[in-house]
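None of the figures in this text is laboratory data; all of them are computed from the coordinates on show. Note that the structure is predicted; figures quoted are calculated from it, not measured. A quick note on method: Cβ atoms are made from the backbone with ideal geometry, for glycine too, and the neighbour counts reach across all protein chains shown.
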Amino acid sequence: MEQSRSYDFVVIGGGYAGLVAANRAAQLGRSVAVLERSEEVLYPCNSRFAGGVLHISYENLNDPPADLAAAALAITGGGADRALVSALAGNALRVVRWLVDEGAKYVRVGDIGWRQFILAPPRPPVTRMEWEGRGADVTLRRLEQNLAERGGELLRGARAMRLRMEDGRCAGVEAERGGQTMAYRAKAVLIADGGFQANAELVRRYISPAPEKLKLRCALTGAGDGLRMAQAIGAAAGGLDAFYGHLLSRDAMHDDALWPYPMLDELAASSIMIDASGRRFADEGHGGIYLANAVARLADPLSTLVVFDDAAWQGPGRATTISPNPVLESAGGTVHRADSIGALAVKIGVPAQALERSVAQYNEKLDTGKLAELDPTRTQGRYHALSLRVPPFYAVPVCVGLTYTMGGITIDAHARVLRPDGSVVPGLYAAGSATGGLDGGAPRGYVGGLIKAMVFGALAAEHVSSATTAT
């Protein structure tokens, strides 16, 4: 038997997009319920597991909004929606300061511009996932506490199944909870349940022919329910073929001590990546996120390796806090080394002549400043290409670490859900990694997951509050 409850605002998903939106709406006098699919007290979600770094396209949130917007457009190759970019850049610092009033605390890392706002206490520099009691988790718990104090509800074990539409307007959600079908009526609904990275069917449809050969570098909760419900009522979606992720040791597929770190991005972006034929297959100059997407699209995403020399191993190999050199081997990861490219080819089981040719062509074009003539081309820009000449030579087998999908429901600058013709679906909003339009573009540029979730969660709540009367 269906039971019904009514609110001003119903939020689907208890991550940062959802809890920021719920708190902001409650703060503005609206009655709010958050439907969280998981039942655990510390329910798993990417927001809770995150490193807690707030930035826009690796830039300092204290920078002028125009500069932040320019950075977002640059990193996505102009692919980001300009209205969304403007809304994100113009509201980021305001939302970060609002979070301070909510009880969030930040730490900073020296003068590194994009690491000036890290939720405290930060995660420790270890390879394994260690999140409990860290900044992202602590802040999420505080937001849940604040919501309860404001009279809002967080309903665990409530899986949203379908949107209720009345006269073309979203008027609530039907959900399963405790073996019953519940109808949650609302003046507005926010979809904030994350991406679809944990839905193998959708990943196969949009991202990779072999989702079983990708490592889920995330909470296993992004099932794409919000995307499915939105598309069912005619909402638009875009950018579904892109994701945020990194290159990991292939051993991470079976060893949890090797994820989420160390990442192989810096090594790959400075050297070359090869497939089982011993040939390059993608433009390393676009960086690790782009390369992770390229690897995922291969028929066999577990067929690639990053190849580099000792200069890269001692340079980019040590460039990060949890660096491959020496962390990868000490944590049990595979690193092949040899005194010649031919001998390395034998060790990794690829045709020696093909690998030697790939390395020779790469070195020649780098020496002559003609990397653009390589096939595939090699970009020189954000990442600096290094030659492969200093023995020993190394190869590390790679897998894709998929964190969250970049594409999703199409929204406007108020987080309102749009139809394919650009019209608004009244009463329906979306925020966070359930949405598309920011991250991605041809370079698969990363604009920033946490700040996107927080800003558009807040904007959705503020628009709902201005467009509806409180009950």
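Observations
- Student exercise, region 228-276 dipole from Lys, Arg, Asp, Glu Cβ charges, in Debye to nearest 20: 300 debye
- Environment charge at GLU166 (Cβ cut-off 14 Å; Lys +1, Arg +1, Asp -1, Glu -1): +3
- Span from the region 208-266 Cα centroid across to the region 349-420 one, whole angstrom: 19 Å
- Leading residue at positive end of dipole, region 246-402 (Cβ point charges), from PRO301, ALA252, ASN363: ASN363
- Extension gain for ARG94 to SER423 (0.36 nm times residue separation, less C-alpha to C-alpha distance): 115.6 nm.
- Those residues of region 117-137 whose amide nitrogen sits under 18 Å from the label point placed on LYS105, 7 Å along Cα→Cβ: 117-125, 131-137
- Labels on offer are (i) 1.00; (ii) 1.03; (iii) 1.26, and the one holding Rg/Rh (Cα atoms, Kirkwood Rh) computed from this structure is (i).
- Cα centroid separation, region 27-50 to region 140-174 (Å): 9 Å
- Computed E for THR469/ALA120 - FRET, C-beta separation, R0 60 angstrom, nearest 0.05: 0.95
- Within straight-line reach of LYS370, meaning a Cα separation under 16 Å, sit the following aspartates and glutamates at least 8 residues removed in sequence or on another chain: ASP283, GLU284.
- Pairs from LYS365/LYS452; LYS215/LYS452; LYS105/LYS187; LYS105/LYS452; LYS215/LYS365 whose Cα-Cα separation, in the structure shown, is over 30 Å: LYS365/LYS452; LYS105/LYS187; LYS215/LYS365
- Along region 360-368 the Karplus relation, 6.51 cos²θ - 1.76 cosθ + 1.60 evaluated at θ = phi - 60°, assigns HN-Hα couplings of 5, 5, 4, 4, 4, 5, 5, 4, 9 Hz to successive residues, with x for each Gly and Pro.
- Length released on extending from GLU149 to SER387, taking residue separation times 0.36 nm less the Cα-Cα span: 79.8 nm
- Charge dipole of the chain about the Cα centre (unit charges at C-beta), most positive-ward option of PRO391, GLY224, LEU35: LEU35
- Taking amide H as placed 1.01 Å from N in the peptide plane, MET161 has its amide H under 5 Å from the amide H of GLU174, ALA175, GLU176, each at least 5 places away in sequence or on another chain.
- The helix-based estimate of mean residue ellipticity at 222 nm for the chain, built from -39,500 (n - 2.57) per DSSP H run of four or more residues and divided by its residue count, is -9500 deg cm²/dmol to the nearest 500.
- For the chain, the share of DSSP beta bridges that are antiparallel, to the nearest 5, is 65%.
- Put a dot 7 Å past the Cα of THR334, heading toward its Cβ, do the same for ARG204, and the two dots end up 2.6 nm apart.
- Crossing angle, helix 288-297 versus the chain [Cα axis fit, 0-90 degrees, rounded to tens]: 90 degrees
- Our estimate of slack between ILE112 and ASN62, defined as 0.36 nm per intervening residue step minus the Cα-Cα distance, is 16.8 nm.
- When you filter the trypsin sites (Lys or Arg not before Pro) in region 318-377 for DSSP loop state and at most 14 other Cβ atoms inside 10 Å of their Cβ, you are left with LYS370.
- About the Cα centre, charge dipole magnitude for the chain (Lys/Arg +1, Asp/Glu -1 at Cβ), debye: 520 debye
- Amide H contacts of VAL425: VAL417, LEU418, ARG419, each under 5 Å away and 5 or more positions distant or on a separate chain (H built 1.01 Å from N in the peptide plane; Pro and chain starts excluded).
- Proximity of backbone amide H atoms, modeled 1.01 Å from N, is registered between GLU153 and VAL32, ALA33, VAL34 at under 5 Å, excluding neighbours fewer than 5 places apart on the same chain.
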